Every structure is written in C-alpha cells, then in structure tokens.
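Report on the following structure.
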C-alpha cells in the first residue's frame, strides 16, 4: 500500500494570528503536511526566521524590503543555534519586496493559506487561483473587493473559507443541494460595544475597541468587529461563496460565539455548526477540506450547564452591515471602495484622528462619491478595475480626512 503523500502548503502571513495557528496544526501533524513557503511583512524577523528553519521551507517572502537584512541576520543566528555551521540546514530562497507574497503564491502547491490582512491580499489570491492551488482563504478582503473578477478565476471548490462563519456554513452544506437553502444565518459576537447607543459609542476609546470579548485578532480585524464592518464584509463573502442573494443572508448576535453560523432550509429545518471559539478548527478544515483532522480544537462539553442567546442586530447604532449589503448588491467596484475607505478610516481611528462613531459614516460618504463618479459595474469588472477603485478609495479617503470637514481630527 502506497503511503499518503504529505500535502504541500504555502502560508501567507505566517507570523500573524491565523498563520501561527496554521503552523500549530502542521506541527502537530508533520506526516500530513510539508510547508513549502511562508511570507510576512517582516516586522517580527526573529519569529519569521524560526518558522523558516523549523519547517525547512524552500521559499521565504518578505514584503518590507528594509526588513530583509534583519530577517537574514535572524536566520543566520537561529541556524547557528540549530547546527547550521555543521551543514544541517539549507537557507530558503528569499523573495523580497511588496510583490514577494504574490511571487510566492505563483508556486503551485496543494494548499495556499492566505492569511494576509487587507486588500493587499488580492494579487496573491489571484496568483494562487491561476497556479491551481486550493486557496484556504482567511483574507476575506481579496474576495470581497475582487468579487466577480476573482470568482471567474476559481474552479469549483478551489476556494475553501477559513473564516469561522463561512467554514461553518460550508460544513452545514456538505451533502446538501443549493436550491434547498432558504437562508444563511451568520452569527456575530456583537463585539465589545453590544447594547450601547450612539451617545455611549461617541466616547469609545481605541483601547476599549481593541478589547474584544471573545476572539484574539489583529488590530484591524478587531476594530472591524467592533464597528460590525467585519460582519458586513462577511455577508458579501457569503454571497459570493455560496451564491445566495443578500435578502436571504441574515446576521444575528450570539455573544457566546459557540454557534458559528447556521443554514435554514426550505422545509423549516436549521443546521448549525457549534464548537468553542477557536480558529484551529476552521484552519484545519481549510488545510484538509473536506476531511477533518483529529483533535484540531476542543469540543463543546455537553454535560456542563450553559446557555446560548441570540438576538437581532441593532442596525440603528451599528449600520455597517446594511452599508456592506448595499455595496455588495451594487457589486462591481463598490465593495472595493467600501473596503478601501474602511481601511483608511480604521487606521485614522487607531491613530486618534477619527472618532469611532464616525467610521461607518465616513465610509458611506466615500462610497456615495464613488457611485456618482467612477463606479464600474460587474459586466465590465476586471482585476485592474478593482485595483484602480481600491487605489482611488485610499487616495480620496486621505483627502477627505485632511479636508476641513466633520471628519477631520
């Protein structure tokens, strides 16, 4: 009997939350996976070097050119500790610069995990799809902004979602037929400000917004979760991944974050996926879909007394989901501008230059200007048009922030 070949894997964003947890799973299952390459911005050169040497990667991509020397020095230092001077290790091939992750994604592998944060993940997503790799997608922005242009590149089943909500839906739909779906129900924790009104939200600080009650995530995703924009982007992602109309995608608040999402069927039945809040589970499915990896994460303790609660989304005080649905329904370049304006707004909030309560209003104003000036519809959408719209959103948003108006600091 022929031994099963280890799956060849590339991880983009290896030093971030999703990247490090992906390596946790591979470390625990070395016989099943081989890490071919990793990428990161380079802000943590020591960790990046450790990862490269531990997993004997062939390729190491560093987005920030000025960090390359630090990474190289860290490689030599760690290699020396591990016996490199005796010839026990081969240093990886370095790819350096803003296109490094895209170059790495062009290497065909069994699975590429895109865990980069933000719109910069778009071109690596495109490269991975063109290379024929299965794309385990944690970078929702690349699908959201790329929309139809990205979906045209993907073969059936080539994109496997890593977001816990979309992984949950995919699990609920295994063996089901699309025409039997009545509704997708995405759950949201509600973030740190659940139940607050506009007056209370007007005094929110950066420190408070970064204190998520359930999940440990990077700062951008954490702020997006606090404004509910993250859930809005996930609604667009769900529409694209599962081909369900926006009117049939619902968001409900579930503070315990144990039910990750649900699917309601035409006969009135609802199937839910439940597990403790731990990203190792959806990551493991992304690596090995549709097969499961034993002991990837803890299971629910059904003998312990507990309760789960569900409530409707407060769209008056948290309008981001409705705004995202509007952009997603328009499609074309609207989601790219929604995301681009939001990235600028979140950065401004983190820097103390924009109030929390103004983030979604700011994004809405940028989107309105785009729709009335340079919007490109789906039938003319290309990756180039997406990139142009995203660049416009960034530039116009910066100009709007700097102008003498209600959004300036």
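In table form, for the structure just shown:
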| item | result |
| --- | --- |
| Ordering of 270-281, 370-381, 320-331 by packing [mean C-beta count within 10 Å, highest first] | 320-331, 270-281, 370-381 |
| Distance between region 321-378 and region 197-254 - C-alpha centres, whole angstrom | 14 Å |
| Order by protection proxy (mean Cβ within 10 Å, highest first), peptides 125-134, 190-199, 296-305, 392-401 | 125-134, 392-401, 190-199, 296-305 |
| Spin-label pair residue 299/residue 353, simplified geometry with 7 Å Cα→Cβ offset, distance in nm | 5.1 nm |
| Anisotropy class of region 7-161 from Cα gyration tensor, a/c 1.5 cut | prolate |
| Which label in (1) 25, 44, 27, 4; (2) 28, 61, 11; (3) 27, 58, 15, 0 gives the computed P(r) over Cα pairs in 20 Å bins from 0, in percent | (3) |
| Gap separating the Cα centres of region 43-66 and region 106-184, nearest whole Å | 25 Å |
| Average Cα contact separation per residue, region 332-409, under 8 Å, 6 or more apart, as relative contact order % | 48 percent |
| Cα extents of region 109-199 along the three principal axes, largest first (Å) | 49, 35, 22 |
| Segment residue 399-residue 108, length gained on full extension (0.36 nm per residue, minus Cα span) | 100.7 nm |
| Label-to-label distance, nm, for residues given as residue 306 and residue 94 (7 Å Cα→Cβ offset) | 4.6 nm |
| Highest average packing first - 10-23, 144-157, Cβ atoms within 10 Å | 10-23, 144-157 |
| All-pairs Cα distance distribution in region 187-301, expressed in whole percent, bin size 5 Å | 2, 10, 16, 21, 20, 16, 9, 4, 2, 0 |
| Pairwise label distance in nanometres, residue 54 with residue 77, each label 7 Å out on the Cα-Cβ vector | 1.7 nm |
| Stretchable slack from residue 315 to residue 207, in nm (0.36 nm times residue separation minus alpha-carbon distance) | 36.5 nm |
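Read the figures in this text as sums done on the coordinates, not as results from a lab. The shown structure was predicted, so the numbers you read here are calculated from the model rather than taken from an experiment. Backbone-built Cβ (ideal geometry, glycine too); neighbour counts: all protein chains shown.
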